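Before any comments, here is the structure.
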Amino acid sequence: MTTNLIRWNPNLERLFDRAFTDFLAPVGEDAVSTRRWMPAVDIKETPEALTFSAELPGLTKEDVHITLDNNVLTIAGERKFEKDVKEENYHRLERSYGSFARSFTVPGNVRFDKVDASFANGVLNVVLPKADEAKPRKIEIK
């Protein structure tokens, strides 16, 4: 006798959720204001720091807010749909607009007082330096 087990797959769940949401999503101008979007974020670790790089095309530094609370780094903001007064007919709107928020748990070995953020060419870089105790060091044998 053969038994087929179905395993839970979170990626498949997100795919179905998005398909269902997109199917029921409004069409036209109202769709722009209700559509969700999530900027891509790369996280890089070196012996000296953790660096978070978020792609935020079309935004300015004033559109983005960064908080660090209880070892959680949150990058949030909004990309607004700028509609001109003149008559325009959109045939396709593929860019996403609206509010976003990404949160990441960071280790406790970060120098929270030395966090640095920069924004250039649509990319936000947040650098969290590691505490000296957390940095790898070479031990000399005597």
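The values are calculated or read from the model by the stated rules, or taken from the named source; none is laboratory data. Everything quoted here is computed from the prediction, not taken from an experiment. Heads up, the Cβs are rebuilt from the backbone with ideal geometry, glycines too, and the neighbour counts pull from every protein chain shown.
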Just wondering, is there one or more residues in segment 79-86 that are surrounded by 14 or more Cβ atoms within 10 Å (Cβ to Cβ), touching a helix residue (DSSP H, G or I) at 6+ places or on another chain (Cβ under 9 Å), modelled with pLDDT under 90 and not in a loop (DSSP other than H, G, I, E, B)? yes
Restricting the first residue to segment 47-69 and requiring it to be under 20 Å from residue 105 (Cβ atoms), which pairs with a second residue that is assigned to a strand (DSSP E or B) and of a type in the set (S, T, N, Q) meet a Cβ separation below 6 Å and a spacing of at least six or different chains? 53/125; 67/74
Just for segment 99-142: of the residues that are in a loop (DSSP other than H, G, I, E, B) and charged (D, E, K, R), which one is nearest to the chain's Cα centre (by Cα)? 111
